[in-house]
């Protein structure tokens, strides 16, 4: 998983989602635009973050997920979870 570059600017955040309200599109493979970075922030619980076909990370309140531009990814709630996504341009 990459790290968020220093030269990006936060421009919006999603509302808080949980295991029941997570948009279905986030559960299947998708990507951001060529100039958009994302950061998965866990408020409580655990979330699986899969990048491509071979990379899986378990995210929690101490471990954030970084979404690189155009990187194919999806998420999967593990039990009860609350999270939101911050989007950055750069």
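Figures for the structure shown
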| read-out | value |
| --- | --- |
| Residue-span extension gain [residue 61 to residue 48] - 0.36 nm each, minus C-alpha spacing | 3.4 nm |
| Contour minus Cα-Cα distance for residue 16 and residue 80 (0.36 nm per residue) | 21.7 nm |
| Cα-based Kirkwood hydrodynamic radius, segment 29-75, one decimal, Å | 10.8 Å |
| Least to most buried among 67, 78, 85 (fewest other Cβ within 10 Å first) | 78, 85, 67 |
| For 88, 11, order by how many other beta-carbon atoms lie within 10 Å, fewest first | 11, 88 |
| Order of 31, 44 under a 10 Å beta carbon neighbour criterion, fewest first | 44, 31 |
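Read-outs: derived from the displayed coordinates by stated rules, not from any lab. Note that the structure is a prediction, hence the values are computed from the model and not measured. Don't worry about glycine lacking a Cβ; one is built from the backbone with ideal geometry, like all the others, and counts go over all protein chains shown.
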